[in-house]
Amino acid sequence: MQDKKRVLENIDKIHTTEMGLNRIKKNLKLNLNEKEEIVNYCKKKITDVKSNIYKKGKNYYCELEDIRITINSKSYTIITAHQVKEIYKKKNTKTNLFLIHSLHGNTKESFASSIEKFCHEKNIDYYYPEFPKGEEASFKKWEKILDIYYQKGQMNENTIIIGHSLGADFIPVYLVKKQIQINTFISIAGFLQYDGTNTQIIEIKNKFNLSKYILQNVQNYTKKRYTIYSNNDPISSINFLEEYANNLHAKKIMIPKGGHFGPKSNIKRIKELEEIILSRKNNKNN
């Protein structure tokens, strides 16, 4: 979001050269001749509410639908623009799923294996990114890893993302910051406030900086949202779990005695989660 904000603040500086003009016309097959018309065409894409703008190296990249515009980050010169290849677009039509693990990565020891197996059975592409864990975890480090998947086109409007524990903090912040459209977000044991005494949890919550504002804005980047939580979570009270769900504007699913859905809860499979995934695969346009 900061990258997009910076570009929009400097929208009046955006221009192109004669070489850039020719590249843009040729690559996008535009039936426009005046430089001002072509620059305004690009500006319209850049300022679109659905555009995704991120910085990589010395350039900003603006992506909207099947168009990617490259802008020099110092001079705000539009260097070029491309249509995303047809093969890239076709690849994005299949439902895929990301499972974002907890602070210590123990999601893999609980229900992750069952979700991976379920996805393979239902022909859903499954991704389980490995993020730095424990004291090494930070939003920037996690963001950098997930950016790789997004920039490859593996995260799109057909994507289902499950965030377990800290993953349920990370994904809302990531989606809102990057303004990325996905299909469905499912929180497992996500909580907004923490009133315990565990200093590591307090520090990590501050690092990822989840807020009510961010949770409330997730609905702008998702079609459906769900929260799965329990009535005996050892880390968070049910009031804070439901506060998270309410601010997310999500459908709430309470599983009795599910704990925090980690290894200590002895949860190896969440049938309700599988039902949601299958429902969203079959109704991803709604």
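The values are calculated or read from the model by the stated rules, or taken from the named source; none is laboratory data. This one's a predicted model, so the numbers in the text were calculated from it and none came from an experiment. Cβ sites come from the backbone with ideal geometry, for glycine too, and all protein chains shown count toward neighbours. Side chains are part of the model used for accessible areas, which takes the heavy atoms of the whole protein and leaves out ligands, DNA and RNA. Shrake-Rupley method; radii C 1.70, N 1.55, O 1.52, S 1.80 Å.
Each row is one residue, and each column tells you yes or no for (1) in a helix (DSSP H, G or I); (2) open to solvent by 30 Å² or more (accessible area, probe 1.4 Å); (3) out of contact with any Gly (no Cβ under 6 Å at 6 or more places or on another chain); (4) at pLDDT 95 or above.
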residue: THR222; (1), (2), (3), (4): no, no, yes, yes
residue: ARG225; (1), (2), (3), (4): no, yes, yes, yes
residue: ILE228; (1), (2), (3), (4): no, no, yes, yes
residue: ASN231; (1), (2), (3), (4): no, yes, yes, yes
residue: LEU241; (1), (2), (3), (4): yes, no, yes, yes
residue: TYR244; (1), (2), (3), (4): yes, no, no, yes
residue: GLY258; (1), (2), (3), (4): no, no, yes, yes
Residue in region 196-211 that is open to solvent by less than 30 Å² (accessible area, probe 1.4 Å), touching a strand residue (DSSP E or B) at 6+ places or on another chain (Cβ under 9 Å) and touching a residue at least 40 places away in the same chain (Cβ under 8 Å) present: no
Helices (runs of 4 or more DSSP H) enclosed by region 65-160 - at least 1 residues per element that are of a type in the set (Asp, Glu), touching a residue at least 24 places away in the same chain (Cβ under 8 Å) and open to solvent by 20 Å² or more (accessible area, probe 1.4 Å): 139-151
Any hit, region 45-57, residues being open to solvent by 20 Å² or more (accessible area, probe 1.4 Å), in a helix (DSSP H, G or I), over 22 Å from GLU143 (Cα atoms) and of a type in the set (S, T, N, Q): yes
Condition check for PHE185: open to solvent by less than 10 Å² (accessible area, probe 1.4 Å), in contact with a Phe, Trp or Tyr (Cβ under 9 Å, 6 or more places away or on another chain), in contact (Cβ under 8 Å) with a residue 40 or more places away in the chain and farther than 25 Å from ARG280 by Cα: no
Residue list for region 263-286, restricted to those being touching a strand residue (DSSP E or B) at 6+ places or on another chain (Cβ under 8 Å), open to solvent by less than 20 Å² (accessible area, probe 1.4 Å) and not aliphatic (A, V, I, L, M): ARG280
Those residues of region 264-286 which are farther than 15 Å from THR184 by Cα, outside any helix (DSSP H, G or I) and polar (S, T, N, Q), in sequence order: ASN266
LEU8, sole failed condition from (1) under 30 Å from LYS205 (Cβ atoms); (2) in contact with a Leu (Cβ under 7 Å, 6 or more places away or on another chain); (3) not acidic (Asp, Glu): (2)
Residues within region 13-35 that are of a type in the set (D, E, K, R) and surrounded by 11 or more Cβ atoms within 10 Å (Cβ to Cβ), tallied: 5
Number of positions in region 98-152 that are hydroxyl-bearing (Ser, Thr, Tyr), within 22 Å of LYS281 (Cβ to Cβ) and in contact with a Leu (Cβ under 8 Å, 6 or more places away or on another chain): 4
Conditions (1) open to solvent by less than 10 Å² (accessible area, probe 1.4 Å); (2) in a helix (DSSP H, G or I); number of the one not met by ILE214: (1)
Residue match in region 164-173 (condition: over 28 Å from ILE67 (Cα atoms), of a type in the set (D, E, K, R), open to solvent by less than 20 Å² (accessible area, probe 1.4 Å) and modelled with pLDDT of 95 or more): yes
When residues of region 8-36 are limited to those that are modelled with pLDDT of 90 or more and part of a loop (DSSP other than H, G, I, E, B), the one farthest from CYS62 (Cα to Cα): THR17
